[in-house]
Amino acid sequence: MEEKLSDSYWESRYQKGETGWDIGDVSTPLLEYFKTIDNKNLRILIPGCGNAYEAAHLHANGFKNVFLLDFAESPLLQFKKNNPSSPEEYLIHQDFFKHKGSYDLIIEQTFFCALDPILRKKYVEQMHQLLSENGKLAGLFFDCQFETEGPPFGGSKSEYESTFHSSFQFEKLEPCRNSISPRSGKELFFIASKL
């Protein structure tokens with residue numbers, strides 16, 4: 001499993017085009033959530049950003065401080081090529097667990113499910129560290145188990161409540177009503193406030 005946590009593993013997936021998680025656009029639940037955000041000066045982090053359609057959308061809609069972080073360099077380079085006006089210093093090639101910073105909002109989109117479940121508590125701790133005092137973590141979790149060995153790794157509402165309860169308060173944790181067709185009935189949309 002350790003090799004699946006390495007930068008070379010994820011870089012290889014991009015080089016080979018083995019990116020089944022990539023839907024080619026912003027997912028509908030996140031697109032709708034972004035429409036509710038009025039403050040375009042928020043410091044936003046998208047960890048495990050991949051091809052970062054979310055960041056491209058936010059940037060195009062006037063959000064000034066969208067930071068991308070990924071273990072693999074290829075998607076960051078591709079994002080820069082496709083979005084030349086995005087500041088280069090906002091593209092961070094780094095291990096999420098080594099990252100330092102302070103953000104008002106962190107977007108979760110197929111990053112949590114890519115991590116070995118043994119790292120979930122560490123993920124919660126790191127998210128808590130990275131968020132500002134009134135910061136929020138928002139996005140999507142899978143609400144299912146997968147038949148094949150991950151990644152992706154699935155989970156359930158009760159598991160997420162248990163994993164996050166000491167550091168976050170869920171404002172929302174509910175089945176998505178607007179998932180893309182292949183993920184229909186298999187996703188939870190959530191917004192969690194830092195405690």
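Read the figures in this text as sums done on the coordinates, not as results from a lab. Model, not experiment: these values are computed from the prediction. Don't worry about glycine lacking a Cβ; one is built from the backbone with ideal geometry, like all the others, and counts go over all protein chains shown.
Segment 77-119 and segment 122-195 have Cα centres lying 17 Å from one another. Of the cross-linked pairs 35/172; 121/172; 40/157; 35/121; 100/157, those separated by over 22 Å at the C-alpha level are 40/157; 35/121; 100/157.
Find the Rg to Rh ratio for the chain, where Rh is the Kirkwood radius over alpha-carbon pairs and Rg uses the same atoms.
0.92
When the chain is treated as a Gaussian network with alpha carbon springs shorter than 10 Å, the biggest mean-square fluctuation among 70, 104, 38 belongs to 38. DSSP beta bridges fully contained in segment 20-177 are about 5 percent antiparallel. Charge dipole (Cα centre; +1 on Lys/Arg Cβ, -1 on Asp/Glu Cβ; no other charges) of the chain amounts to roughly 440 debye. Distances between placed amide hydrogens fall under 5 Å for residue 110 paired with 140, all partners being 5 or more residues away or on another chain.
Could you tell me which of rounded, prolate or oblate describes segment 68-114, using a ≥ b ≥ c as the square roots of the eigenvalues of the alpha-carbon gyration tensor, with rounded for a/c under 1.5 and, failing that, prolate when a/b is larger than b/c and oblate otherwise? Prolate is the answer for segment 68-114, as a/c is 1.5 or above and a/b outweighs b/c. Placing dummy labels 7 Å off each Cα toward the beta-carbon, the span from residue 169 to residue 61 is 2.6 nm. Taking 7 Å steps out from each Cα toward its Cβ at residue 162 and residue 181 produces label points 3.6 nm apart.
Residues whose amide H comes within less than 5 Å of that of residue 132, counting only those at least five positions distant or on another chain, are 103, 104 (H built at 1.01 Å from N in the peptide plane). Within segment 20-95, the trypsin sites (Lys or Arg not before Pro) that combine a DSSP coil assignment with at most 11 other C-beta atoms in a 10 angstrom radius are 35. Sorting 98, 121, 136 from the fewest to the most surrounding beta carbons within 10 angstrom yields 98, 121, 136.
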